[in-house]
1. With a 10 Å cut-off between alpha carbons and a GNM built on the chain, which of Glu116, Glu82, Glu146 moves the most?
2. What whole number of Å gives the distance from the Cα centroid of segment 27-45 to the Cα centroid of segment 139-178?
3. Nearest 500 deg cm²/dmol is fine: what mean residue ellipticity at 222 nm does the chain get from its DSSP H runs of n ≥ 4 alone, each adding -39,500 (n - 2.57), divided by its residue count?
4. Across the chain, how many lysine pairs, 8 or more positions apart or on different chains, have C-alpha atoms separated by under 24 Å? Please give the number.
5. Can you compute the label reach from Lys108? Point 7 Å from Cα along the Cβ direction, backbone N cut-off under 19 Å, restricted to segment 125-145.
6. Over the C-alpha atoms of the chain, what are the Rg and the largest Cα-to-Cα span, Dmax, in Å?
7. Using R₀ = 45 Å, calculate the FRET efficiency as 1/(1 + (r/R₀)^6) where r is the Cβ-Cβ separation of Met179 and Lys52; round to 0.05.
8. Can you give the net charge of the other residues whose Cβ lies under 13 Å from the Cβ of Leu130, counting K and R as +1 and D and E as -1?
Amino acid sequence: MTDTLKPRPAWLPFAIDYAPLILFFIMYKTAGVFAGTAAFMVAIIAAVLTSKIMLGRVSPMLWLSAILVVGFGALTIWFHDERFIQLKPTIIYAGLGALLLGGVALGKPLIKYVLEAGLDGLSDRGWMLLSRNWGLFFIAMAGLNEIMRATLTFDTWLTLKVWALIPLSLAFGASQIPMMTREGLTATDK
């Protein structure tokens, strides 16, 4: 059976991942934290539905984010306390870090199951290094989020979350390319 669906725009996965956060930031700046949180909750549900309809699947990371955004968003609105929404990144980062490092400890590079299709040729050692490095990065990000949450105003925390931590994650990902290349990563023309 051939796939008769039209090709998806290359920007769609990026929009699914980041549009809800950007909408939250805009709504927060224009209407306040509780309106921003409500918009975030609606947007993340829309992102899940869009992913399922347009891409045919919902990534585990998007499911996890959606569950935490809706859960902690509801607590934020119910208790009128923005600290709940600030806990979400810590929980995601710490959970991912623990999962990846636990896999490394057991000799299982869990990141391979998520990224294998896009990283053709990476050696077993490369997968272990990548899992370890991302695990440590996520644990550091959880700690950084907690430091920021404890020492910064909500407005400053949110600004750094959107405009500094996302680029930091992208830069860290880029910093892994030399190691992956040394460990057999090959360029593909898929």
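Values in this text are rule-based calculations from the coordinates and carry no lab data. Since this is a predicted model, take the numbers as computed values, not measurements. No Cβ is skipped: glycine too gets one built from the backbone with ideal geometry, and neighbour counts run over all protein chains shown.
1. Most flexible of the set in this elastic network: Glu116.
2. Their Cα centres are 20 Å away from one another.
3. So the helix-based figure for the chain works out to -23500 deg cm²/dmol.
4. Summing the qualifying lysine pairs gives 9.
5. Counting only backbone N, you get 125-136.
6. 18.0, 56
7. Working: r = 34 Å, r/R0 = 0.75.
The formula returns an efficiency of 0.85 here.
8. Neighbour charge sum, excluding Leu130 itself: +2.
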